[in-house]
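First comes the structure, then the notes that go with it.
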Amino acid sequence: MKYFRLILCFLSLSISMLAAKSVHAYIPQRGNVVATLSPYFFKTNYDGHEQGQNKIGTGISLVATGDVDNKGSLEIAAIYMNKIYFREDGNRTVAEKTQLMHITMGYRRWWTEPFSTSVALYTSYPMGPVDVLHNDFTVEEDMGTTARSTTETGLDLAFQYELINRERFSIMAEGRYSYSLTKKSSEYADQYGASIGIRYFIQSKVASPKELRE
């Protein structure tokens, strides 16, 4: 598996932190900056004729968050993946896959110390050739998917929960749904995904995240 070593590393670190004595959850505060790195597991929201082509994919996610107050944060995310698009007309289907960089900018709302949700606008940029997985259409019918477009735009909705906090390092679990605003007619381009990653406390107005609780 392409990212097997990275995933194994995350799981090993998670087990080590689970065995350690836990501390309090992260406290949002204006000036805080954190970054989260994680493997990203995703799948196109599709259950049509060629759902056998709709495999669970693995990518890499990097999320940077800056707190504006104790309830909200501005957030930027970059997710690398191989996304699959489906388009249908009756019983005929085309399925195409391409590498892309999924960039988001949005707002995160903290409901409790460990739990937050976010909404963001995303733009995806293809980075490689299109791989045709299945095609029932002729060249003249021009039934290509968004995989052949220069960009894709949509909305990201996500919920995040802090599993463990060890001051500067935390283990985070996140679920995400990407709704495409620029998908073509009869196309399936929406996607859902999940990740478990490491969040690192980069900076704040105080020297250490431990001081936020004192």
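Pull out the extension gain between Ala64 and Leu155, defined as 0.36 nm times the separation in residues minus the alpha carbon to alpha carbon distance; nm, one decimal.
31.0 nm
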Got a number for carbon plus sulfur as a percent of segment 28-203's accessible area, 1.4 Å probe?
57 percent
Per the rule of 0.36 nm per residue minus the C-alpha distance, extending His49 to Ser186 adds in nm 48.0 nm
Just reorder His49, His102 by solvent-accessible area, largest first, 1.4 Å probe, all chains present.
His49, His102
Please list the non-local residues whose amide H lies under 5 Å from the amide H of Asn70, H modeled 1.01 Å from N, same-chain partners needing a gap of 5 or more.
Arg30
Extended-chain gain in nm, criterion 0.36 nm per residue less alpha-carbon gap, Ile202 and Tyr179:
5.2 nm
Please list 3J(HN,Hα) in residue order for segment 87-97, calculated via the Karplus relation 6.51 cos²θ - 1.76 cosθ + 1.60 where θ = phi - 60°; whole Hz, with x for glycine and proline.
9, 10, 8, x, 8, 9, 9, 10, 10, 9, 10
Which three extents, in angstrom, do the Cα atoms of segment 28-203 have along their principal axes, listed largest first?
57, 26, 24
Whole number in Å², please: accessible area per residue of segment 28-203, 1.4 Å probe, ligands, DNA and RNA not counted.
46 Å²
Spatially proximal aspartates and glutamates relative to Lys97 (Cα-Cα < 18 Å; intrachain offsets below 8 disregarded):
Asp47, Glu50, Glu88, Asp131, Asp136, Asp142, Glu152, Glu187, Asp190
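The values are calculated or read from the model by the stated rules, or taken from the named source; none is laboratory data. Owing to the predicted nature of the structure, the values given are computational and were not obtained by experimental measurement. When the accessible area is computed, the model is the full protein with side chains, heavy atoms only, and any ligands, DNA or RNA have been set aside. Shrake-Rupley method; radii C 1.70, N 1.55, O 1.52, S 1.80 Å.
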